[in-house]
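Only one structure is covered here, and it is reproduced in the block below.
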Amino acid sequence: MDTRSQDCNFHHVPVLFEECMDGLAIKADGIYVDCTAGGGGHSAGIVERLGDNGLLISLDKDDEALAACERRRVELGAGNKWVLKKTDFSRISEVLKEMNIEKVDGVLADLGVSSHQIDTDERGFSYMKEGPLDMRMNQQQDLSAEVVVNEYSESDLTRIFRDYGEERYAGRIASAIVKKRAEAPIRSTTALADIIRAAMPHAARKEDQHPARRCFQAIRIEVNHELASVSELLETVPALLNAHGRFAVISFHSLEDRLVKEAFRKLENPCTCPREFPVCVCGKRPMGKQVHSKPIVASKKEAMENKRSGCAKLRVFERNEEVWLLQ
């Protein structure tokens, strides 16, 4: 069975599929965690490489994603070796503790928004389609894009667009939103996209990407607390890995990749001694190493077949045996 096939109700083409499978170096009897189950594409690939004594734990806070994973789990006849948990991936250590698992052999985190979430109009992720201002990955939470757009102050909107969207015209766009919402609440994705487009200089509207892309990204990050969750995950996972366990992370924009790159760099070289010191005296030792010197990106073939893979970067960290033995 092709584990990358699209679910009839929840479709998501897993990015860098083979590269992730290779990066995790999956052992038949290992324990693995897929932090972002999505439609189950990566998860199914891991399960098919596990033996009867292996275990995969898939996490997601999206009910539709978990329902798709459950269908895939049944299709594969995975039984008890594939367990689903509804939670934010920042709670990975709590989930493992509840399951009486101390260490795992691999963790995968695909930080991208799923194709299903983007393509489902009523989820409100897309600036190209008419839909409500939602963008919640966990649809039970209170904070939504509509709340951010209509209730945040102009200064907070400016900060979000600047820091999370790296938008050059953050102030102009925030000001335009505040003026429009004073006339009537902004309710739809297309209405917001039109406001953003109109607030930008004429030359900026001619960029290759949609003028609203950066601001929609920023609002989505704010609604789902994405960067805070990623930072917590990066801080938590290394200590949960067995010797030679691997942590694979796929990022889709510079803010995420910067966090991953810096976290892995510190794990490789945690020493805080001044450079002029002849020897290390801080006592901080490397926890492991990056498997590849540069991030893995999609092949030309994959980028053509799946446009959303074009900006994906995969980084893989492997835990040292030495640190494990010293604990």
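The values are calculated or read from the model by the stated rules, or taken from the named source; none is laboratory data. Source: prediction; values computed, not measured. Neighbour counts run over all protein chains shown; Cβ positions are idealised from the backbone, glycine included. Side chains are part of the model used for accessible areas, which takes the heavy atoms of the whole protein and leaves out ligands, DNA and RNA. Shrake-Rupley method; radii C 1.70, N 1.55, O 1.52, S 1.80 Å.
Identify all residues within segment 136-153 that are in a loop (DSSP other than H, G, I, E, B), surrounded by 15 or more Cβ atoms within 10 Å (Cβ to Cβ) and among the polar types (S, T, N, Q); write none if there are none.
In the first step, residues of segment 136-153 are kept if they are in a loop (DSSP other than H, G, I, E, B); the result is 136-144, 152-153.
Next, only the ones that are surrounded by 15 or more Cβ atoms within 10 Å (Cβ to Cβ) stay: 136-138, 143-144, 152.
Hits for segment 136-153 are N138, S144.
Let me confirm something: among L59, L76, L66, which residue is aliphatic (A, V, I, L, M), within 14 Å of the chain's Cα centre (by Cα) and closer than 28 Å to R123 by Cβ?
Exactly one of L59, L76, L66 is aliphatic (A, V, I, L, M), within 14 Å of the chain's Cα centre (by Cα) and closer than 28 Å to R123 by Cβ, namely L59.
Where the second residue is of a type in the set (S, T, Y) and the first is in contact (Cβ under 8 Å) with a residue 24 or more places away in the chain and lies in segment 300-321, which pairs have Cβ atoms under 7 Å and are six or more apart or on separate chains?
As it stands, the answer is E302/S309; R308/S115; K313/S251, since those pairs meet every condition given.
Just checking, how many residues over segment 247-280 are open to solvent by 30 Å² or more (accessible area, probe 1.4 Å) and closer than 16 Å to L314 by Cα?
7
Inside segment 40-56, can you point out the residues that are small (G, A, S) and over 23 Å from the mean Cα position of the chain (by Cα)?
If the condition is that a residue be small (G, A, S) and over 23 Å from the mean Cα position of the chain (by Cα), then G51, G54 are the ones that fit.
Output the number of residues of segment 196-246 satisfying the condition of being of a type outside the set (D, E, K, R), open to solvent by 20 Å² or more (accessible area, probe 1.4 Å), farther than 30 Å from K97 by Cα and over 17 Å from the mean Cα position of the chain (by Cα).
6
Hey, could you check segment 154-170 for residues that are buried (at least 17 other Cβ atoms within 10 Å of the Cβ) and of a type in the set (G, A, S) and say which is nearest to D257 (Cα to Cα)?
Within segment 154-170, the match that is nearest to D257 (Cα to Cα) is G165.
Can you list the strands (runs of 3 or more DSSP E) lying wholly within segment 53-133 that have 3 or more residues being surrounded by fewer than 19 Cβ atoms within 10 Å (Cβ to Cβ) and among the acidic types (D, E)?
none
May I ask you to say which residue of K289, K284 is among the charged types (D, E, K, R), modelled with pLDDT under 90 and open to solvent by 60 Å² or more (accessible area, probe 1.4 Å)?
On inspection, the qualifying residue turns out to be K284.
Look through segment 40-52, keep the residues that are in contact (Cβ under 8 Å) with a residue 24 or more places away in the chain and not in a helix (DSSP H, G or I), and return whichever of them is most open to solvent (accessible area, probe 1.4 Å).
Per the criteria, the residue is D52.
For residues that are modelled with pLDDT under 95, within 20 Å of A28 (Cα to Cα) and of a type outside the set (S, T, N, Q), tally how many sit in segment 79-111.
Going through segment 79-111 one residue at a time, the tally reaches 1.
Looking at segment 206-260, which of its residues are within 19 Å of D34 (Cβ to Cβ) and among the basic types (K, R)?
R246
Going by the conditions given, is E94 over 23 Å from F247 (Cα atoms) and among the acidic types (D, E)?
When the stated conditions are applied, E94 does not pass them.
What do you reckon, is A37 within 17 Å of the chain's Cα centre (by Cα), under 30 Å from E321 (Cα atoms), open to solvent by less than 30 Å² (accessible area, probe 1.4 Å) and not acidic (D, E)?
Against the criterion (within 17 Å of the chain's Cα centre (by Cα), under 30 Å from E321 (Cα atoms), open to solvent by less than 30 Å² (accessible area, probe 1.4 Å) and not acidic (D, E)), A37 qualifies.
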